[in-house]
Amino acid sequence: MSCKHFLMHGRHIPFLLAIQVAFIILFGVFVEYDKEAHSARAFDKDANATTNEGNSLGHYYPMFQDVHVMMFIGFGFLMTFLKKYGYSAVAVNFLIAAIVLQWATLCQGFYHTFDGQKIHITITSLLNADFASATVLISFGAVIGVTTPLQLAVMAVCEIAIFASNEHLGLEVLRISDIGASMLVHVFGAYFGLAVSCVLRRDVTSEKEGASYNSDIFAMIGTIFLWLFWPSFNAGLAEGDAQHRAVINTYYSLAACCVTAFAISSLVSKEHKFDMVHIQNSTLAGGVAIGTAADMMINPFGAMIVGSIAGTVSVLGYRYLTPVINRKFGIHDTCGVHNLHGMPGVIAGIVGAITAAAATQEEYGYSLYRQFSARGPLEGTAEYAELHHHIGHLHPGLGRSASMQGGYQIATLFITLAIAISGGLVTGLILRLPIFGKVPRDHLFDDELSWEVPEEDHHHQGISQVSHHDTSASPMVHHGKAVGDTHI
Amino acid sequence: MSCKHFLMHGRHIPFLLAIQVAFIILFGVFVEYDKEAHSARAFDKDANATTNEGNSLGHYYPMFQDVHVMMFIGFGFLMTFLKKYGYSAVAVNFLIAAIVLQWATLCQGFYHTFDGQKIHITITSLLNADFASATVLISFGAVIGVTTPLQLAVMAVCEIAIFASNEHLGLEVLRISDIGASMLVHVFGAYFGLAVSCVLRRDVTSEKEGASYNSDIFAMIGTIFLWLFWPSFNAGLAEGDAQHRAVINTYYSLAACCVTAFAISSLVSKEHKFDMVHIQNSTLAGGVAIGTAADMMINPFGAMIVGSIAGTVSVLGYRYLTPVINRKFGIHDTCGVHNLHGMPGVIAGIVGAITAAAATQEEYGYSLYRQFSARGPLEGTAEYAELHHHIGHLHPGLGRSASMQGGYQIATLFITLAIAISGGLVTGLILRLPIFGKVPRDHLFDDELSWEVPEEDHHHQGISQVSHHDTSASPMVHHGKAVGDTHI
Amino acid sequence: MSCKHFLMHGRHIPFLLAIQVAFIILFGVFVEYDKEAHSARAFDKDANATTNEGNSLGHYYPMFQDVHVMMFIGFGFLMTFLKKYGYSAVAVNFLIAAIVLQWATLCQGFYHTFDGQKIHITITSLLNADFASATVLISFGAVIGVTTPLQLAVMAVCEIAIFASNEHLGLEVLRISDIGASMLVHVFGAYFGLAVSCVLRRDVTSEKEGASYNSDIFAMIGTIFLWLFWPSFNAGLAEGDAQHRAVINTYYSLAACCVTAFAISSLVSKEHKFDMVHIQNSTLAGGVAIGTAADMMINPFGAMIVGSIAGTVSVLGYRYLTPVINRKFGIHDTCGVHNLHGMPGVIAGIVGAITAAAATQEEYGYSLYRQFSARGPLEGTAEYAELHHHIGHLHPGLGRSASMQGGYQIATLFITLAIAISGGLVTGLILRLPIFGKVPRDHLFDDELSWEVPEEDHHHQGISQVSHHDTSASPMVHHGKAVGDTHI
């Protein structure tokens, strides 16, 4: 427990304490309750927010909690598939997400609700912070097992600042529609993580990078909660009929994706068995791929086509593309985020652009101008006056045509890719600074790096290793040795 | 990977792809968003559905998600109790349910919302599709471990078509009340599955048909989520006070059932210990048994009596009846669905009939005619005119008396039994067609049939087998052999 | 299976059956649906409750279900961390909670909604019963592994009666504010359990009192669901803006607590690794510590300070205080409830008192009198008349000042401590009565006490024991012996 030891293994401690203190100070200076959560101000607009019915909390809360479960149970357990990395998967996921919830409140708040003095928070701030955490957790999937908790915490802080800027650019400057954040969260998170992984580049041929029977079942807890609550992710911030539609489209996209992923997994796997990696991940690709167009009039069968394509692409990616990327480009992708979030996110961006380019007022009615706010007529025009007559609460738009909107959607996809990759490369270089340490070769994909692991488990591993490497030795003697090696 | 191999082991692949394509085409031709989810039409009834408050999504969504969790986490993990069949339990459950969600949307849609041209879908269509999937997942429980994924997928397609017809017969032709679908889902699913199992009849004395310590705890995840969210299952489609009542009755029925099941389990088990099988299953029988009467005025203590009886019957069924059915009738029932869904479902039908036969306008007020729509007076009668004066939105009924309603309820129970058993027998015969294959003798209850199982787990099993059968052999040698046998 | 055997091991059976029968009788005599759940009476106030919109079920249900998940999945799995006690942790938790749901409905009902003839139940009765079950499950955490199911059931019955009285005293007599029940549930449950543990005092140095790799991951399921749904626990019974605030405060308190707990865990643990016990428990302390003040105007940064302090105190408690309490005072605390519920609950009481003592009408607006009902002016005073003019639904208060309210808050903390400790001591003495039996020395922390444990698991344990104690013996022989010892 010497000072040197602290410098070697305890470097994350001052960092974590420092950012937590910084968060508290920044919250103290900049954050306050928005009207609906503020005792005195809730009375402002004739006391509505003081009642359960008049407060928006009730509307957002159920979907917020679903998304919350996705972040901590979904992503956390999805990553427990590694047989010796379960503690880190679920617990470091927990730590990183808890950091991001606070930091994203600040970063997003500055862009969204900052009035020059204060950031105003409501339940939607919490929901947005959870969305933001998805970005980092996706990137986490690309580098899990090859990064220290300190490196991940630093990555989270860098990534969220860049993410929030890109989100602002997409939603408020370019005024694109991406209700399920497939571009702004999934594409961003995946390619950012892959860029970081590319820079960190470890030689990671480790037998520990595999699953055990129990770890695979733990991972299915994550998979299924993600699959179940994805409609809440894609619909959480939509309104009225658009929200209703987003739930329906996501539900059928995921159902079709699941069936397709099983079929294709079986088609391309050894002996036509199913492959757990595909089932754990590719069944979810339909949720990503429908994300951008989830609240558009894509129709249930359209959503099912998108889901089926995503499931197919994702399985093929795991089977054929990931090994190539790993071998040729040296980019390691532990959880295959390129197949679950990267490519399906790009599909989402394209589908969203096409659907947006085909959107007519005939099909959408007046809600066209809510869905694509930039398509509303410019203030002061005759069209604006006429529409305003029909719809009371119309905000002025930019007079974009359908195909212009489609163009902006595609532009945002490419901008997001560019920012994510360059941001990831820079962040990766930062993470390589000696001050942040790195995972020793023999602790890749190994909980022992950060955790005291119960002995009995070593035992099983001990025997297991015998069976692979040294079938002549007596297991008990070897076991004694194995315990000796690792614990003394 | 030869063509012959594909024909042997890959037969489910074209089937899965074909039904997925068929679903997409059928959805394209027949399915569209209902008003509340349709951009342009949401404006029809003065723009209400375009707002969060005016859209029914918010009301149904939380309970829908609870039911969704029950289907995929609840049923999926409940069946992971088999020590070597966890992958299949949770993942094949996932696949089958994803098929059913789509297929049931079509089958139920044709009966419920088809207007000659289109099926109109809303959140309640999704909720109904989830209910339908419960039927298949219950049947799955009867044949788990002895069927291939292809057989299960075929069973699902057949079963849902028959289920939807029976549901239509019960709810819309016979106009009975079964809010928790105890007859239409639980009785149907259980006896359909048992009939299939009867026809498939495999000699299934396998040491693999047992639990391990971890698999039992995984199964408790399923049990507890089912238990927690059962009030949502029974109340999801009820309205106002009836929904409130359905939640309360189910809650107390389940609490009483849980306590009783523990007590009876201990009473009839060896050394008066608790038996995990009972705890995993019989604690849920109260949810089934109160299903039909859940929204009726049965009173909390009535619900608790029903729950206690169901818990008792279910445990006794596991302890004494299942072995007899297996030995005498050759019907294998892997999860004991007869004890969890079959008998408690029959109890539910009887309790529902009695409660319906005792329902008076004094006790129910005007909501009697919402609860039992057939008891409303015939259109044109003086009674109808008078009631219509009091209740604006009264639909004309059939002028049934309380005891007539009770009779119809019982009749539906028997009709459901008859249709389920005969449907199951026919489906079982279909599943025996050579084209659908069958599980090889040595792969009963074994994930190896459909999955690549991680090696280290074999190892444990390898040792374990040694200890049971051959205490003289060196475990390591045996292990080497075991790996050799199964992997090369 | 002799009569003597029944008297030895089956004593809990008649107790469980008797209380279940008693519950049914008491419910039959005393409990009925409240208006909103009563068919005929729902029409009373112009038929509102017969519609989905007019019924309060929709408002409470999502948070109720979150709390329900916390009790059964959260507490149940949190306690599965013991490697040989997983069945008991999750299943006995289940049994005890099912007893409490019914018994608390009666005990709380007599204080809250009894009109001289009947207890009237709604969804809030169910929610309150779930809160009450938390109390017992917290106490369970202090004595898990050293008590029989019968002892726990008896403890539950005693504890709830005392708990409900104390709750009534706090909320209705002393009129304090404790929205997250940090004093009334957490402090009460923790110190009650510790007092029971103190009286039961077992010498519990058992190697079984530890975790395995898988059991630790199972426990994280509990931890994370508790962490996620804690905002629902703290906000479930609040209204409007206060509810909104309670969600926000709890969310940020927990996020800050999580980060701090990781940092401090690493700081004080061997080799600066993280300690799973801290991560599983101390990350939750922020939810407890903000409980009392959750709906007050404490501001997000205030909530984060409280969470950070609680996380720190909790980790330090596990590391330094628990061993001392165990050694010096002979109080065993299996799950460390003193660190998760006890001390953080005391912090909550103090924070609540300070915040209450600082509450002004300027800050709270008129909702001050909803938040702290006793601070409203006395009926008949001029102030009351003026306020009533502004707020229609004002209930008369007691004219308390801010500092008086703070004083009452602190008083309630001390009263709760006194009642919990004395109630726990008496209950502990009752549990020592020979009639209730006790856990044999060799079955402490061992599922074998109450469960038939699958053989193969013995096997692993068998080998494992060999490797620790007797490296010369052949594992297979020893295994045969181990099985022989425990199973024949």
Exercise. Specify which residue in the list B:Leu171, B:Gly141, B:Ala195 is farthest towards the positive end of the charge dipole of chain B, using unit charges on the beta carbon of Lys, Arg (+1) and Asp, Glu (-1), about the Cα centre.
Key: B:Ala195
Exercise. Name the long-range amide H neighbours of B:Val31: under 5 Å, sequence gap of 5 or more, or other chain; modelled H, no Pro or chain starts.
Key: B:Ile119
Quiz prompt | Dipole of the protein assembly as shown [Lys/Arg +1, Asp/Glu -1 at C-beta], most positive-end residue of C:Tyr85, A:Gly352, A:Tyr251 | solution = C:Tyr85
Exercise. Measure nothing fancy, just the Cα-based angle from helix B:188-200's long axis to the longest principal axis of chain B, in degrees from 0 to 90, nearest 10.
Key: 30 degrees
Quiz prompt | Residues C:His389 and A:Glu383, FRET efficiency given R0 of 51 Å [Cβ-Cβ distance, rounded to 0.05] | solution = 0.55
Quiz item: Roughly speaking, what is the centre-to-centre gap between the stretch B:261-316 and the stretch B:166-181 when only Cα atoms are used, to the nearest Å?
Solution: 25 Å
Practice problem: Would you mind putting A:142-155, C:106-119, A:248-261 in packing order, based on average other-beta-carbon counts within 10 Å, highest first? | Solution: A:248-261, A:142-155, C:106-119
Quiz item: Placing +1 at every Lys and Arg Cβ and -1 at every Asp and Glu Cβ, with all other atoms neutral, what dipole size does the protein assembly as shown have around its Cα centre, in debye to the nearest 20?
Solution: 2280 debye
Quiz item: Looking only at other chains, what is the average number of their beta-carbon atoms within 10 angstrom of each beta-carbon in A:259-270?
Solution: 6
Quiz item: Between B:Leu431, B:Ala285, B:His120, whose Cα lies farthest towards the positive end of the dipole of chain B when Lys and Arg beta carbons carry +1 and Asp and Glu beta carbons carry -1, centred on the Cα centre?
Solution: B:Leu431
Quiz item: Between C:Val199 and A:Tyr320, what is the spin-label point distance in nm, taking each point 7 Å from the Cα along the Cα→C-beta axis?
Solution: 7.2 nm
Quiz item: Peptides B:324-334, B:68-78: what's the order by average Cβ count within 10 Å, highest mean first?
Solution: B:68-78, B:324-334
Practice problem: Calculate the mean, over all residues of peptide A:400-407, of how many other protein chain Cβ atoms lie within 10 angstrom of the residue's Cβ. | Solution: 0
Quiz item: If R0 is 41 Å, what FRET efficiency do you get for C:Ile25 and B:Leu174 from their C-beta distance, rounded to 0.05?
Solution: 0.65
Quiz prompt | Rotational relation A to C, axis-closest Cβ in chain A, residue and distance rounded to whole Å | solution = A:Pro62, 3
Quiz item: What order do you get for A:437-449, A:159-171, B:284-296 when each peptide is scored by the mean count of other beta carbon atoms within 10 Å, highest first?
Solution: B:284-296, A:159-171, A:437-449
Quiz item: Treating the beta-carbon of each Lys and Arg as +1 and of each Asp and Glu as -1, no other charges, what is the dipole magnitude of chain A about its Cα centre, to the nearest 20 debye?
Solution: 1140 debye
Self-check item: Shielding by partners, peptide A:206-213 (average Cβ within 10 angstrom, other chains)
Solution: 4
Quiz prompt | Calculated on alpha-carbon atoms, Rg and Dmax of chain B in Å | solution = 24.0, 89
Quiz prompt | Relative contact order, percent, chain C [alpha-carbon distance under 8 Å, six or more residues apart] | solution = 19 percent
Self-check item: Prolate/oblate/rounded label for the stretch B:258-344 (Cα gyration tensor, a/c 1.5)
Solution: oblate
Quiz item: If eta is 0.692 mPa s and T is 37 °C, what Stokes-Einstein diffusion coefficient results for the stretch B:180-312, Kirkwood Rh from Cα pairs, in µm²/s?
Solution: 207 µm²/s
Quiz item: How large is the dipole of the stretch C:112-193 about the Cα centre if only Lys and Arg carry +1 and Asp and Glu carry -1, each at its Cβ, rounded to the nearest 20 debye?
Solution: 60 debye
Exercise. Could you look at chain B and say what percent of its accessible area is carbon and sulfur, using a 1.4 Å probe and all protein chains?
Key: 62 percent
Quiz prompt | Cα pair distances exceeding 19 angstrom across the stretch B:62-139, given as percent | solution = 39 percent
Practice problem: Taking each label point as 7 Å beyond Cα in the direction of the beta carbon, state the distances from C:Ile354 to the same residue in the other copies, shortest first, in nm. | Solution: 6.0, 6.0
Quiz item: Measuring with a 1.4 Å probe in the full set of protein chains, what accessible area per residue, in whole Å², belongs to chain C?
Solution: 32 Å²
Exercise. Could you calculate the FRET efficiency of A:Arg327 with B:Asn48 from 1/(1 + (r/R0)^6), where r is the beta carbon distance between them and R0 is 51 Å, rounded to 0.05?
Key: 0.35
Quiz item: For the protein assembly as shown, what does the alpha-carbon gyration tensor say about shape, rounded, prolate or oblate, given a ≥ b ≥ c as the root eigenvalues, a/c under 1.5 as rounded, and a/b over b/c as prolate?
Solution: rounded
Quiz item: To the nearest 100 Å², how much accessible surface do chains C and B hide from each other in total, with a 1.4 Å probe?
Solution: 6700 Å²
Exercise. Determine the shape class of the stretch B:1-133: with a ≥ b ≥ c the square roots of the Cα gyration tensor eigenvalues, call it rounded for a/c under 1.5, and otherwise prolate if a/b is greater than b/c, oblate otherwise.
Key: oblate
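The values are calculated or read from the model by the stated rules, or taken from the named source; none is laboratory data. What you see is a predicted model; the values in this text were computed from it and never measured. With ideal geometry, Cβ positions are generated from the backbone for all residues, glycine too; neighbour counts draw on all protein chains shown. Keep in mind that these areas ignore ligands, DNA and RNA; they rest on the heavy atoms of the full protein, side chains included. Shrake-Rupley method; radii C 1.70, N 1.55, O 1.52, S 1.80 Å.
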